[in-house]
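The values are calculated or read from the model by the stated rules, or taken from the named source; none is laboratory data. Predicted model only: the values in this text are computed from it and were never measured. We place every Cβ from the backbone using ideal geometry, glycine too, and count neighbours over all the protein chains shown.
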Amino acid sequence: MVALVCCSLSAANAQQDFSKVAITSEPLAPNVHVLFGAGGNMALLTGADGAVLVDDQFAPLAPKIRAAIALLTDKPVRFLINTHWHSDHTGGNEAFGKTGSVIIAHDNTLKRLSSKQFVDFFKMDVPPSPQSALPVVTFAHNVSLHLNGEHVSAVHVSNAHTDTDTLLFFANANVVHTGDLYMNPWYPFVDLSSAGSVDGYLTACRIVLERTNEATKVIPGHGPVASRGDYQAWCSMLTTVRERVWQALRKRRTLQQTLDAKPTAEFDTKYGTGFIKGDVLITTLYTDLARKRSR
Ligand SMILES: [Zn+2]
């Protein structure tokens, strides 16, 4: 799982062999499932009105994703919502768009999918997506869908993992899909080259914790389904590390001095096991917050 997370975004360009990937599902409510495979976790709402799919991993997996969905519903995917633009969450857009799914995403997801992108962390060029892969309905702040006896709220969070992020709340099922605003249990990947910033993550924490309760199931962008308590602890960790790096900047510590102070030390065993190690997180936060401080 760690290896998949490590390489899931860069795999979009790397011609990864998807033949061994199996799409599995886990019920979270009578009509809401999480689907796992390679790349970002998916959510599926089913019912008589047609299915709603959240994210679609990589293009070569689209037939397997369709097969997994067919085990859960005989209705087509009527709406497809992207949590953000990254290719390990939007790779199936073309396949689903071509067969009539209405793709919904934030305005900036359309902008970034329409033009050439560069993800600096992975030194990865991403070409523009074909027309049929692009969102048809976009929104600036939020949009809600009402079908299958459910209310699905898509809420944009500005400048967090990227500048395209959307939280998805399933009100009756009491489920939230965070996209990559949470990777369970790993440190966040703040994609600075897509206008990400740590403070957006903390905004997402406030929004999610306000709108949920102890029983809410949290689908992270990667990793297993979490409880609200798991997510809350992760948010506390990020708040603490952010504050420590901010104080270091205020005291005019250099990046090396900040790294040497080990502001993530007590969290590394739990959260530093993915591709973002403590030092990577500190370096990213230092760069991010130094820009903010100089503004
Ligand atoms: Zn992502």
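Some notes on this structure:
Residue-wise test of (1) within 16 Å of the ligand (Cβ to nearest atom); (2) out of contact with any Gly (no Cβ under 7 Å at 6 or more places or on another chain); (3) without any contact (Cβ under 8 Å) to a residue 40 or more places away in the chain.
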site	(1), (2), (3)
Ala67	no, yes, no
His86	yes, yes, no
His106	yes, yes, no
Leu110	no, yes, yes
Ser114	no, yes, yes
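- Of the residues in the stretch 184-193, at least one is of a type in the set (S, T, N, Q), touching an Asp or Glu at 6+ places or on another chain (Cβ under 6 Å) and part of a helix (DSSP H, G or I).
- Put simply, of Arg253, Arg206 the only residue that is among the basic types (Lys, Arg), away from the ligand (no atom under 16 Å from the Cβ) and in a loop (DSSP other than H, G, I, E, B) is Arg253.
- Residue list for the stretch 186-239, restricted to those being within 22 Å of Phe275 (Cα to Cα) and either at pLDDT below 95 or of a type in the set (Ser, Thr, Tyr) (or both): Tyr187, Ser193, Ser194, Ser197, Tyr201, Tyr231, Ser236, Thr239
- Test: residue in the stretch 122-142 that is of a type in the set (Asp, Glu), assigned to a strand (DSSP E or B), farther than 26 Å from Ser193 by Cβ and in contact (Cβ under 8 Å) with a residue 24 or more places away in the chain: no
- Criterion violated by Trp234 - all others in (1) in contact with a Phe, Trp or Tyr (Cβ under 7 Å, 6 or more places away or on another chain); (2) free of Cβ contacts under 8 Å to residues at least 60 places away in the same chain; (3) surrounded by fewer than 20 Cβ atoms within 10 Å (Cβ to Cβ) satisfied: (3)
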